[in-house]
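Below is one structure, written out as structure tokens; comments come after it.
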Amino acid sequence: MASSEEDGTNGSSEAGDEKEAIGKRRRLGFLATVWLTFYNIAMTAGWLVLAIAMVRFYMEKGTHRGLYKSIQKTLKFFQTLALLEVVHCLIGIVPTSVLVTGVQVSSRIFMVWLVTHSIKPIQNEESVALFLVSWTVTEITRYSFYTFSLLDHLPHFIKWARYNFFIILYPVGVAGELLTIYAALPYVKKSGMFSVRLPNKYNVSFDYYYFLLITMASYIPLFPQLYFHMLRQRRKVLHGEVIVEKDD
Amino acid sequence: MKHYEVEILDAKTREKLCFLDKVEPQATIAEIKTLFTKTQGKSLKDEDVLQKLPVGTTATLFFRDLGAQISWVTVFLTEYAGPLFIYLLFYFRVPFIYGHKYDFTSSRHTVVHLACLCHSFHYVKRLLETLFVHRFSHGTMPLRNIFKNCTYYWGFAAWMAYYINHPLYTPPTYGSQQVKLALTIFVICQLGNFSIHMALRDLRPAGSKTRKIPYPTKNPFTWLFLLVSCPNYTYEVGSWIGFAIMTQCVPVALFSLVGFTQMTIWAKGKHRSYLREFRDYPPLRMPIIPFLL
């Protein structure tokens, strides 16, 4: 799932751990706080730049065609930089699970590099614009939320945005991603790209076409889980409901 | 000396959490806290005696529903029988797996037949050990584990078997030299793994759940206990590395890697609990790889 709506990343006071009380700040070292604040400001800025570039493009050209090509360098830079978030979890300055963050960042990297970048014919599909817009708004909200949390000055609107925008943005983003992968399928099948056939001396094969199909199928169990998790977090944070979580 | 009765309530819900009825007047809050957490912390064992618990004369026991459970034996038998059966489906090239012209044909490579023997032997050994050798500490595990575990074992077995028994299978680059070396590793590690299972069984009398430090016995395969807490896992990884070299098949290597990762986690946990439970635990031992990990 490419939406990075998981809580607790980037040093915010939200813990991915359900049991930690929302709003309780983990005691971070000074250096870690400085670094994370810098990182989150940089990412907010980066995605803001992307947003402005996209708006300007549409105002000048009036179409989504060519949009990806015009913003691809910036997109690749900032989305790939997000790999650092996995490191943040690994070294413990962010209280989210490495696995969850890893999955989310990987799915974004996958979408950018292994689908949109690599399968040129689909770069002008509407679905690409759809997920780009969704990602941009999501990330600006998310990174500014983390930034303000780290600075201990969280404007109510940012908190509200972080826990309400996803209701629309998340399904929209998923739709954009799925439609893009679907559009890419015929080109993948025809070109046999990223695939390994038998016989070979390592006795393994890989068919990227079927891999994409399985990826699309995996959205079915994953998307509802992540979506309902965010809905539960929303109820907890915005309405102070005491939710009884199923004990694992 | 007059004793105090101390009642601890949850601050938010006012629900009674604990009742300590024989608290010394000189007890500090810290001591009361430990009395409370001791009665709430780790699970009690079936063998614990009521009188010996630190609860005074009124004992409050907390019940935690572990959810649907299934016996370890059932899980092991199911998860091991699958690979044994599934591999054979591919070995005999049962219809609808490979092209129809290959149905029920046999590979012309010796190593493919050898691999089938090794794989089948491995899982037969596991099944027999489950039935006759292992002595389990816990009777049951959560029910969802059987689905998780079977997906893992059966899935990987099918994936490996598909390539090894494929009509387009390519035998190892260094031919029979490579196969012989790999087979030797495999056999040694299987014997080693079995020896460790027997040694562990002998540590524990039938029907008991006692835990003791394992030590090397007269059997040279058990001498690995000098260097490692869980030599059974060490030998298991070795067996699969041997099998990977023998078949020169990437899925087998991946299976070995995943298994190694999981067994390392288990070994580290076991090593830590040995260290916690036994003051005199041999300091030279590492969890799974001598001197390294």
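The values are calculated or read from the model by the stated rules, or taken from the named source; none is laboratory data. Values in this document were obtained by computation on a predicted structure and should not be read as measured data. Using ideal geometry, Cβ is built from the backbone for each residue, glycine included, and neighbour counts are taken over all protein chains shown. Remember, those area values only see protein heavy atoms, side chains included, never the ligands or the DNA or RNA. Shrake-Rupley method; radii C 1.70, N 1.55, O 1.52, S 1.80 Å.
At a glance:
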| read-out | value |
| --- | --- |
| HN-Hα J in Hz across the range B:106-123 - Karplus 6.51, -1.76, 1.60, θ = phi - 60°, x for Gly and Pro | 10, 5, 8, 9, 4, 4, 5, 5, 4, 4, 4, 4, 4, 4, 5, 4, 4, 7 |
| Relative contact order of chain A, defined on C-alpha pairs under 8 angstrom at six or more residues apart (%) | 25 |
| Solvent-accessible area, 1.4 Å probe, carbon plus sulfur percent, for the protein assembly as shown | 66 |
| Exposed-site-free run, longest, chain A (rule: trypsin sites (Lys or Arg not before Pro); DSSP loop; at most 15 other C-beta within 10 Å) | A:66-196 |
| Relative contact order (%) - criterion: Cα under 8 Å, at least six apart; region: the range B:69-171 | 50 |
| Cα gyration tensor of the range A:131-248 - equivalent ellipsoid semi-axes, whole Å, descending | 38, 18, 14 |
| For B:Thr140, distant residues with modelled amide H under 5 Å away | B:Trp72 |
| Lys, Arg +1 and Asp, Glu -1 on Cβ, resulting dipole of chain B about Cα centre, debye, nearest 20 | 340 |
| The range A:106-180: projected area of the alpha-carbon convex hull, averaged over directions, in nm² | 5.3 |
| Overall dimensions of the range B:69-171 by Cα: Rg and Dmax, Å | 15.8, 50 |
| Nitroxide proxy distance, nm - points 7 Å out along Cα→Cβ at A:Val98 and A:Leu213 | 3.4 |
| Overall form of the range B:174-292 per C-alpha gyration tensor (a/c, 1.5; a/b vs b/c) | prolate |
| Longest segment of chain A lacking GluC sites (Glu not before Pro) that sit in a DSSP loop with at most 14 other Cβ atoms within 10 Å | A:1-240 |
| Shape category assigned to the protein assembly as shown from the gyration tensor of Cα positions, a/c cut at 1.5 | oblate |
| Angle in degrees between helix B:144-164 and the longest Cα principal axis of chain B, rounded to the nearest 10 | 20 |
| Helix axis angle, A:30-61 relative to chain A longest principal axis, alpha carbon, degrees | 50 |
| Complex-versus-alone comparison for the range A:182-231, residues with a loss of 20 Å² or more in accessible area, probe 1.4 Å | A:Leu198, A:Pro199, A:Lys201, A:Tyr202, A:Asn203, A:Val204, A:Ser205 |
| Probe 1.4 Å, protein heavy atoms only - accessible area per residue of the range A:151-248 in square angstrom | 61 |
| Net length gained if the chain between B:Leu168 and B:Lys212 were fully extended (0.36 nm per residue, minus Cα distance) | 10.8 nm |
| Chains B and A, summed buried accessible surface - 1.4 Å probe, Å², nearest 100 | 1000 |
| Cleavage-rule hits, chymotrypsin sites (Phe, Trp or Tyr not before Pro), the range B:190-293, DSSP coil, Cβ neighbours within 10 Å at most 15 | B:Phe278, B:Phe291 |
| Where chain B is the region considered: accessible area per residue in Å², 1.4 Å probe | 60 |
| Förster radius 35 Å - calculated FRET efficiency between B:Gln69 and A:Trp160, Cβ distance, rounded to 0.05 | 0.20 |
| Taking chain B and dividing mean pair separation by its residue count, relative contact order in percent (alpha carbons under 8 Å, at least six apart) | 15 |
